[in-house]
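For reference, the structure is listed below as structure tokens.
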Amino acid sequence: MFGLEMLDVMIGLVTVYLVFGLACTSIVEAVAALLSLRSSFLETAMNEFLAGDISEKKAFAAAFFEHPLIQSLSRDKRKGGRDLPSYIPPELVGRVVEALLVSHDDTLSLPDAVNALPGKSLEGEKNRIKGLLHALVLQAEGDAAAFRKAVETHFNAVMGRTSGWFKRRQQTISIAVSSALVIFANVDSVNLVASLSSKPDTRAAMVKNAGELLEKRKAETEKLKKDKTSTPQSITEADSKYEAAQAAYDTAIHFSESAGLSLGWRGWWTARKTLTDVATKIAGLLVSIFAISLGAPFWFDVLQRFMQVRSTGPRNEIEKKKKQIPA
């Protein structure tokens, strides 16, 4: 029984991490949308990928972003003009690069179109894109389909490294957001464990809520799989992300308090505290900051495993007792 109680305490603690992780993830997405981080990192990656000129007065990357197929992925800015896309399908990159090469003369072969780019030397530093495209044309042996595929492959390699940059930046933002949430709401892991250990009703409520959260996530996952209209571009709107973040935070507070967990700093400052109490509080807050910064997906997986153990544990005990009873 003691083991089951401890498991319920862990489930309750993980559930708190999960609901605040949902709020943290939503706020991080809102910040990323507000700062156009995805678009910014994509632009940086394309400027590196397509470094060089398509003509004497035009950069290859600038011509790429001005192409109608790329413009169609961008959304209109509120004050006029176009915003940069946050996602470009790899197959579209190959088509646009090929189209730009033959845009002035579609009778040219791919090798001739590459040779027509500015720059005398394919290995020169003045027009790096010419050397890159020349290598890809040789790899494709002049075949247009193979050339587009080679461009896609190289683009994916560049985006793989860019994804690493973005994740590191996102993790920094996540830690900052998690710190703000934990300190503002006083999400103290040590205090949460003590409360869950001493309040059976709170443990039971948290276990019940954990099951409902998992069922809700399963339903949302199935809905997303069936939804064919969702696109990477549509999920980066700053307004909708801000509203989702605000709703997620309100839900986290209500979820915890409705189960009987007291959050906030009411009464803590007026009570007399020892140095040990302060150190314990700081340790509890630091554990929560790190845990919540891991994000909702991580804690969803952990919670699912704990709930599976809980559902199979008592059943195994019953089976053992049945075996011990003589026939």
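Quick note: the coordinates plus some simple rules give every number you see, no bench work behind them. Please read these numbers as outputs of a predicted model, since none were measured by experiment. Don't worry about glycine lacking a Cβ; one is built from the backbone with ideal geometry, like all the others, and counts go over all protein chains shown.
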Could you tell me the distance between the Cα centroids of the stretch 1-52 and the stretch 135-163, to the nearest Å? 31 Å
Under 11 Å, Cβ to Cβ, from SER174 - net charge with Lys/Arg +1 and Asp/Glu -1: +2
Using the number of other C-beta atoms within 10 angstrom as an exposure proxy, rank HIS254, HIS154, HIS67 with the fewest first. HIS254, HIS67, HIS154
Which distance in nm do the two modelled labels at LEU4 and ALA176 give, with both placed 7 Å along the Cα-to-Cβ direction? 4.7 nm
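On full extension of the chain, what length is gained from GLN139 through HIS104, given 0.36 nm per residue of separation minus the C-alpha to C-alpha distance?
Values: separation 35, 0.36 × 35 = 12.60 nm, distance 2.36 nm.
Taking 0.36 nm per residue and subtracting the Cα distance, the gain is 10.2 nm.
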Equivalent-ellipsoid semi-axes of the stretch 148-198, from the Cα gyration tensor, Å, largest first: 43, 12, 6
Just to be sure I follow the rule: in the stretch 37-160, considering lysines 8 or more places apart or on different chains, how many pairs have Cα atoms under 27 Å apart? 14
What net charge is computed for the residues neighbouring LYS149, neighbours being all others with C-beta under 15 Å from the C-beta of LYS149, Lys and Arg scored +1, Asp and Glu -1? -3
Cα extents of the stretch 37-160 per principal axis, largest first, Å, are 43, 28, 28
